[in-house]
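> Below you will find the structure I want to go over with you.
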Ligand code: UN1
């Protein structure tokens, strides 16, 4: 029985024939080892995808190089028109793709739909941006000279994405890269290869319809391609989303060949709950932040820093909310929390809890692995809350699971110091109705994160802002604002329209 219409969604997304592990022929390259994709929701085998061999990778790169030669000369607003059509195609496939995201990755169907909505939104954003890739003009110090800057496409952008946002994070990169005149080669997470093939099918429909080269969008599945991308001098920009551990490696390899990187690595995001907070708002922000996507967002709330005067009350409210959480199949919309991505993630979750206890953590809401009907995949865990100290080694680490550490503070300065007292710097938030606290939190002496929110949780950032963080989060920015500049090279141009050739800085060089 196909209670949630999975088969229909797979058919719509053109994923039927790949169940045998064959290629669909739409410019993704696959003659290598078979990767099997299992649903963490049910444990079922969804499909098999062949990974790219070294030769496949070469074929993809040749196609990308060729495609770039034509694409870079297409006017940017015309490139925007193509991305507009991609957005239309995504609108048509929103339900099917959202369902696949939910089924293959394990986030709730609603969040799967939300992820596709982010893709649609970034398309719209990119279309507008395609007429706004502005450079500055400057005044030259020399007469009859004009000086300005322009932005040119880089070339081939390598995108290495993670399982937790299997489609949206790729689109933040690719849609912006495309309007900038770049072409893309995508290495998706090997945990969510079908989501990648589905996106590839959607994009190729648009490219074919417009007689554009397939090499604009290349897909290489399998971890071998990751290091090929990192080491490849033909790829001037690598955008990597994933763990700090792997990100450090990517950063070093790409830097050693003077390539550019955009790094979106781990977060260790905290909410400060002030004595001036509206606790009913904290409830929604903190619980969604900590248990949404089963704690597998880079922006998930990992730490709650609570003023001692409202500490007990806050814990009571949280305990009550956690008691009402429904954990189960993410496609069933009555459930709040779905599974972790795989059994490895379950082990990491269990070991984090053990470590926290060993360091002296006190369990507020008990965790554990769920068993029995509906939990056959072995990937369902109970969101838990542990009272901890910020200095605990485990608290300093990002564990990609619904484990929330709570701790007390007494002054706002102390709260900010705790919030900043971790190696990561992605997202942060304060709940307060006190404007002095709020402004201090947002000031140069406040949060050191790339994202700092007031009366909003740490997760669920909108695409219009630049997304990313500092310190071990890697410093990259993607998505909105002027993040597009990272996908282009800047050229400063000085034009002399006079008949003399005066040198800059007044230097005389006469013959
Ligand atoms: C991520 O977790 O990798 O802010 C990205 C959010 C989402 C993006 C998260 N818009 O939660």
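The values are calculated or read from the model by the stated rules, or taken from the named source; none is laboratory data. Here the structure is a predicted model, which is why all the values come from computation and not from measurement. Cβ: placed from backbone, ideal geometry, glycine included. Neighbour counts: every protein chain shown.
> Pick from 285, 295: which is touching a residue at least 60 places away in the same chain (Cβ under 8 Å) and closer than 20 Å to residue 356 by Cβ?
On inspection, the qualifying residue turns out to be 295.
> Could you count how many residues in the stretch 437-456 are free of Cβ contacts under 8 Å to residues at least 12 places away in the same chain and not in a loop (DSSP other than H, G, I, E, B)?
At the first step, the residues of the stretch 437-456 found to be free of Cβ contacts under 8 Å to residues at least 12 places away in the same chain are 439, 443-444.
Then drop every residue that is not not in a loop (DSSP other than H, G, I, E, B), which leaves 439.
Total meeting the criteria: 1.
> In the list 498, 457, 421, 446, which residue meets the criterion of being within 16 Å of the ligand (Cβ to nearest atom) and at pLDDT 95 or above?
Matching residue, one of 498, 457, 421, 446: 457.
> Between 400, 431, 467, which is within 16 Å of the ligand (Cβ to nearest atom) and more than 25 Å from residue 175 (Cβ to Cβ)?
Values: 431 fails: within 16 Å of the ligand (Cβ to nearest atom); 467 fails: more than 25 Å from residue 175 (Cβ to Cβ).
Of 400, 431, 467, the one residue that is within 16 Å of the ligand (Cβ to nearest atom) and more than 25 Å from residue 175 (Cβ to Cβ) is 400.
> Look at residue 276 and say whether it is farther than 18 Å from residue 390 by Cβ, in contact with a strand residue (DSSP E or B) (Cβ under 9 Å, 6 or more places away or on another chain) and surrounded by fewer than 22 Cβ atoms within 10 Å (Cβ to Cβ).
Yes, satisfied.
> From the list 409, 405, which one is surrounded by fewer than 24 Cβ atoms within 10 Å (Cβ to Cβ), more than 13 Å from the ligand (Cβ to nearest atom), within 24 Å of residue 275 (Cα to Cα) and touching a residue at least 12 places away in the same chain (Cβ under 8 Å)?
On inspection, the qualifying residue turns out to be 409.
> Would you mind listing the helices (runs of 4 or more DSSP H) fully within the stretch 161-258 where at least 1 residues are farther than 25 Å from residue 58 by Cβ?
Ranges flagged: 168-180, 193-209, 244-256.
> OK, next. One residue is enough: does the stretch 192-200 have a residue meeting the conditions buried (at least 24 other Cβ atoms within 10 Å of the Cβ), within 21 Å of residue 294 (Cα to Cα), touching a residue at least 60 places away in the same chain (Cβ under 8 Å) and more than 16 Å from the ligand (Cβ to nearest atom)?
yes
> Residue 247: within 18 Å of the chain's Cα centre (by Cα), more than 27 Å from residue 110 (Cα to Cα) and surrounded by fewer than 23 Cβ atoms within 10 Å (Cβ to Cβ), yes or no?
Spelling it out, residue 247 is indeed within 18 Å of the chain's Cα centre (by Cα), more than 27 Å from residue 110 (Cα to Cα) and surrounded by fewer than 23 Cβ atoms within 10 Å (Cβ to Cβ).
> Scan the stretch 465-501 residue by residue and report those that are farther than 23 Å from residue 243 by Cα, assigned to a loop (DSSP other than H, G, I, E, B) and touching a strand residue (DSSP E or B) at 6+ places or on another chain (Cβ under 8 Å).
481, 482, 497, 498
> List the pairs whose first member sits in the stretch 258-279 and is more than 30 Å from residue 230 (Cα to Cα) and in contact (Cβ under 8 Å) with a residue 40 or more places away in the chain, whose second member is away from the ligand (no atom under 16 Å from the Cβ) and part of a loop (DSSP other than H, G, I, E, B), and whose Cβ atoms are under 6 Å apart, counting only residues at least 6 apart or on separate chains?
From the stretch 258-279, the pairs are 274/432; 276/432; 276/433; 276/434; 277/432.
> For the structure I just gave you, tell me whether residue 462 is exposed (fewer than 12 other Cβ atoms within 10 Å of the Cβ) and closer than 30 Å to residue 278 by Cβ. Please lay out each step first, then the result.
Values: exposed (fewer than 12 other Cβ atoms within 10 Å of the Cβ): yes; closer than 30 Å to residue 278 by Cβ: yes.
Answer is yes for this residue.
> In addition: Identify the single condition in (1) over 16 Å from the mean Cα position of the chain (by Cα); (2) modelled with pLDDT of 95 or more; (3) crowded, with 24+ Cβ neighbours inside 10 Å that residue 176 does not satisfy, given that it satisfies every other one.
With (1) over 16 Å from the mean Cα position of the chain (by Cα); (2) modelled with pLDDT of 95 or more; (3) crowded, with 24+ Cβ neighbours inside 10 Å applied to residue 176, the lone miss is (1).
Results for (1) within 16 Å of the ligand (Cβ to nearest atom); (2) buried (at least 23 other Cβ atoms within 10 Å of the Cβ); (3) not in a helix (DSSP H, G or I), shown as yes or no for each residue.
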position	(1), (2), (3)
271	yes, yes, yes
284	yes, no, no
316	no, no, no
356	no, yes, no
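> Let me ask something additional. Mind listing whichever residues of the stretch 99-118 are more than 30 Å from residue 76 (Cβ to Cβ), assigned to a helix (DSSP H, G or I) and within 12 Å of the ligand (Cβ to nearest atom)?
If the condition is that a residue be more than 30 Å from residue 76 (Cβ to Cβ), assigned to a helix (DSSP H, G or I) and within 12 Å of the ligand (Cβ to nearest atom), then 105, 111 are the ones that fit.
> Here is a check on your reading of the model: is residue 211 without any contact (Cβ under 8 Å) to a residue 24 or more places away in the chain, farther than 20 Å from residue 11 by Cα and either surrounded by fewer than 24 Cβ atoms within 10 Å (Cβ to Cβ) or in contact with a strand residue (DSSP E or B) (Cβ under 9 Å, 6 or more places away or on another chain) (or both)?
When the stated conditions are applied, residue 211 passes them.
> So, residue 334, is that one out of contact with any helix residue (DSSP H, G or I) (no Cβ under 9 Å at 6 or more places or on another chain), assigned to a loop (DSSP other than H, G, I, E, B) and either under 27 Å from residue 426 (Cβ atoms) or more than 16 Å from the ligand (Cβ to nearest atom) (or both) or not?
Yes: the conditions hold for residue 334.
> Just for the stretch 119-160: of the residues that are closer than 30 Å to residue 58 by Cα and in a strand (DSSP E or B), which one is farthest from the ligand (Cβ to nearest atom)?
152
> Looking at this structure, is residue 429 buried (at least 23 other Cβ atoms within 10 Å of the Cβ) and out of contact with any helix residue (DSSP H, G or I) (no Cβ under 6 Å at 6 or more places or on another chain)?
yes
> Output the residues belonging to the stretch 293-314 that are in contact with a strand residue (DSSP E or B) (Cβ under 8 Å, 6 or more places away or on another chain), within 16 Å of the ligand (Cβ to nearest atom) and in a helix (DSSP H, G or I).
294, 295, listed by residue number.
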